[in-house]
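The values are calculated or read from the model by the stated rules, or taken from the named source; none is laboratory data. Here the structure is a predicted model, which means the values were calculated and not measured. Counting neighbours? That spans all protein chains shown, and the Cβs are built from the backbone with ideal geometry, glycine included.
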Amino acid sequence: MKHSKIILPVIVFSQFCCTSLWFAGNGVINDLVLNFDLKPGALGHLTSAVQFGFIIGTLVFALLTIADRFSPSKVFFFSALIGALFNLGVTWDGNGLLSLIFLRFFTGFFLAGIYPVGMKIAADYYEKGLGKSLGFLVGALVLGTAFPHLLKEMGGSYPWKAILVATSGLGLLGGFLMLILVPNGPFRKPGQPAKISAFFKIFENKKFRSVSFGYFGHMWELYTFWAFVPVILLKFIAEQPDSTLNVPLLSFLIIGVGGLACVFSGFLASSFGIKRLAFIFLLLSGLCCLLSPLLLSSHNEFLFVGFLFFWGIVIIADSPLLSTLVAQHATADIKGTALTIVNSIGYTISIISIQLVTGMMVFTDSNAIFLVLAIGPCLGLIGLLNEKK
């Protein structure tokens, strides 16, 4: 295929462009609070709105087996187009909390046609070496998630609306590139007509079920950490008045370094094994949860920031590995649906975690609240151990 050499770079770049829509609201959250007179708890609500939209979107896409029945690249394009428009709607001056939640919800809904569908497209092209391919793909998701924070830092005194316009523009660009340059992959198999039974059929496989539980444990921790990185940094600054930490830039770097970790873990997988490496990274992120009350309370700026960087690396490095295991244990004709369903359940778990931590912050500002994130890695590790049996 004459386009084969550019396929993966295009998929990765398109994924990066489109997933910048995900945390666009978080990148300008302080501006949204000021301009729309929102309460501080709006961060958790707006993040959860995107997650909830993604959950509902993935359920709809999965039940209708859209990613398997239609050209994945076209699904990706139309999802990017509509998601970008909803993201742009946040710039409307007449917004309030409810309308913002509505707009973020539908941005999340159409992200269901971007992230898991991007993984499906990669799986259609790279039956061998899928771990490396998904390493690049999840790495693009991480950078896309972190990018609004960098835009906020680069924007300086520019209007916050410019960040939302920029991320919507990136979403459109990514969608067009996928539509024009990435045809159906050589390993794509025609999907079955929409069947509710397909939703339950995939979990009949014990190994698929076990690696899925590993992924679910990972998701309990991941997005809550990402959502609260700026909050953690702001809390440190409040307690250390002499601190000169740059919150938007550090938020981008702490989240974004995980993108490199995903690529690195994808390459390491061929030497150490996908399951073993996923287990190690999940164990390390679980240890970060347990150590967080101590290290996040440190008055040493270098230790504090260094710990966040390490956590930012290990918390996501297992994601492409777990997604690869899920894809490998799903049958070809419902692979797209399987990836979408697992994503849906994973993000359902993430919204519970985000809301739990948001609720706990009402009662205490103690860093001990992040201990609750250790529940996910612990249960995920048990799931991966069962896979080996």
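Have a look at 57, 94, 89, 25 and point out the one that is surrounded by fewer than 22 Cβ atoms within 10 Å (Cβ to Cβ) and assigned to a helix (DSSP H, G or I). Full working, then the answer.
On the way: 57 fails: surrounded by fewer than 22 Cβ atoms within 10 Å (Cβ to Cβ); 94 fails: assigned to a helix (DSSP H, G or I); 25 fails: surrounded by fewer than 22 Cβ atoms within 10 Å (Cβ to Cβ).
Exactly one of 57, 94, 89, 25 is surrounded by fewer than 22 Cβ atoms within 10 Å (Cβ to Cβ) and assigned to a helix (DSSP H, G or I), namely 89.
Yes or no, residue by residue, for (1) of a type in the set (Phe, Trp, Tyr); (2) farther than 30 Å from residue 209 by Cβ:
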site	(1), (2)
272	yes, no
287	no, no
298	no, yes
302	yes, yes
329	no, no
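Please state which one of 304, 309 is closer than 20 Å to residue 145 by Cα, at pLDDT 90 or above and in contact with a helix residue (DSSP H, G or I) (Cβ under 8 Å, 6 or more places away or on another chain). Walk me through how you get there before you give the answer.
Working: 304 fails: closer than 20 Å to residue 145 by Cα.
Of 304, 309, the one residue that is closer than 20 Å to residue 145 by Cα, at pLDDT 90 or above and in contact with a helix residue (DSSP H, G or I) (Cβ under 8 Å, 6 or more places away or on another chain) is 309.
Conditions first: (1) modelled with pLDDT under 85; (2) part of a helix (DSSP H, G or I); (3) not small (Gly, Ala, Ser). Residue 293 passes all but one, so which condition is the exception?
For residue 293, the exception is condition (1).
If you take the residues of segment 312-322 that are assigned to a helix (DSSP H, G or I) and under 13 Å from residue 218 (Cβ atoms), which of them is modelled with the lowest pLDDT?
As a first pass, look at segment 312-322 and keep what is assigned to a helix (DSSP H, G or I): 312-317, 319-322.
Okay, now just the ones that are also under 13 Å from residue 218 (Cβ atoms), so 314-317, 319-322.
Details: 314: 96, 315: 96, 316: 94, 317: 94, 319: 90, 320: 87, 321: 90, 322: 90.
Filtering segment 312-322 for residues that are assigned to a helix (DSSP H, G or I) and under 13 Å from residue 218 (Cβ atoms), the one modelled with the lowest pLDDT comes out as 320.
Within segment 295-316, track down each residue that is in contact (Cβ under 8 Å) with a residue 40 or more places away in the chain and of a type in the set (A, V, I, L, M, F, W, C). Can you show your working first?
Kept after step one, since they are in contact (Cβ under 8 Å) with a residue 40 or more places away in the chain, are these residues of segment 295-316: 296-297, 299, 301, 304-305, 308-309, 311-316.
Scanning segment 295-316 gives 296, 304, 305, 308, 309, 311, 313, 314, 315, 316.
Out of everything in segment 352-389 that is part of a helix (DSSP H, G or I) and over 21 Å from residue 290 (Cα atoms), what residue ends up being modelled with the highest pLDDT? Working first, answer last.
Start the filter on segment 352-389 by keeping residues that are part of a helix (DSSP H, G or I), which leaves 352-363, 367-387.
Remaining after also requiring over 21 Å from residue 290 (Cα atoms): 362, 386-387.
Values: 362: 82, 386: 79, 387: 63.
Here the answer is 362.
Which ones in segment 331-351 are modelled with pLDDT under 80, of a type in the set (S, T, N, Q) and in a helix (DSSP H, G or I)?
Across segment 331-351, the qualifying residues are 337, 340, 343.
Among the residues of segment 289-337 satisfying the criterion of being of a type in the set (Val, Ile, Thr), over 21 Å from the mean Cα position of the chain (by Cα) and closer than 25 Å to residue 126 by Cβ, which is surrounded by the most Cβ atoms within 10 Å (Cβ to Cβ)?
Step one: filter segment 289-337 for residues of a type in the set (Val, Ile, Thr), giving 305, 313-316, 324, 326, 331, 334, 337.
Retained after the next criterion (residues that are over 21 Å from the mean Cα position of the chain (by Cα)): 305, 331, 334.
So of that shortlist, the ones also closer than 25 Å to residue 126 by Cβ come out as 331, 334.
On the way: 331: 14, 334: 23.
Filtering segment 289-337 for residues that are of a type in the set (Val, Ile, Thr), over 21 Å from the mean Cα position of the chain (by Cα) and closer than 25 Å to residue 126 by Cβ, the one surrounded by the most Cβ atoms within 10 Å (Cβ to Cβ) comes out as 334.
Here are 23, 78: which of them is at pLDDT 85 or above and either under 26 Å from residue 120 (Cβ atoms) or under 19 Å from the mean Cα position of the chain (by Cα) (or both)? It would help to see each step written out before you state the result.
Details: 23 fails: at pLDDT 85 or above.
Testing whether each residue is at pLDDT 85 or above and either under 26 Å from residue 120 (Cβ atoms) or under 19 Å from the mean Cα position of the chain (by Cα) (or both) leaves just 78.
Please give the number of the condition residue 273 fails out of (1) without any contact (Cβ under 8 Å) to a residue 12 or more places away in the chain; (2) in contact with a His (Cβ under 6 Å, 6 or more places away or on another chain).
Unmet condition: (2).
Out of curiosity, is residue 352 among the β-branched types (Val, Ile, Thr), out of contact with any Ser or Thr (no Cβ under 6 Å at 6 or more places or on another chain) and either closer than 18 Å to residue 59 by Cα or crowded, with 17+ Cβ neighbours inside 10 Å (or both)? So that I can check it myself, show each step before the final result.
On the way: among the β-branched types (Val, Ile, Thr): yes; out of contact with any Ser or Thr (no Cβ under 6 Å at 6 or more places or on another chain): yes; either closer than 18 Å to residue 59 by Cα or crowded, with 17+ Cβ neighbours inside 10 Å (or both): yes.
Taking the combined requirement at face value, the residue satisfies it.
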